[in-house]
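The values are calculated or read from the model by the stated rules, or taken from the named source; none is laboratory data. Because the structure is a prediction, the values reported are computed rather than measured. Positions of Cβ are generated from backbone atoms using ideal geometry, with glycine treated the same way; all protein chains shown enter the neighbour counts.
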Amino acid sequence: MAEETEGTWRVEQGEPAGEPPTDAYGEEVEQLTFNNPFRQKLERVWYGGKVVYALELGEVDVDTEKVKVAQEYQPVYAVELDERGKKKGEPERPEGQLNIYDSVPGMQKYSPLWQFNYVVVPRDYEPNTLRSEADCLKSGYEIRKSQDVEN
């Protein structure tokens, strides 16, 4: 019998070790050890009020009408978008605020491509008060959907 070459295994001490948990955000949370051998940029983001980790691989130019994208929210004091919906310069961000994802791997709406939604917050905003997509949507703050997409 041939050995499978692809799958969704866990890796334990360098060896495939069976299927990962089916619900990573339920009671059976798999504790990840990641040693980052390629020194990739790792960022912390909010998802559903919990901190999760993501690799930041840079901006991409895609047609969001044709390519599936997930939604990322970034609280900002100010952002200027051009006529195409792309940011002009860097947004002015509250120091220490983490970005916010609407989904995680395994969810139907998840995509490794993230379309930015800039949540314009007041100057007296306390960083990390917004911790989920629901927080952003019910906040009453202006949300400026952009055509900025990151992988």
Which condition from (1) at pLDDT below 95; (2) outside any strand (DSSP E or B); (3) under 17 Å from Ser132 (Cα atoms) is the one that Gln97 breaks?
(1)
Picked from region 58-94 (must be assigned to a loop (DSSP other than H, G, I, E, B) and touching a Lys or Arg at 6+ places or on another chain (Cβ under 7 Å)), the residue nearest to Leu130 (Cα to Cα) is Tyr77
Just the residues that are of a type in the set (Lys, Arg), without any contact (Cβ under 8 Å) to a residue 60 or more places away in the chain and either outside any loop (DSSP other than H, G, I, E, B) or closer than 18 Å to Arg44 by Cα (or both), please, taken from region 100-139.
Lys138
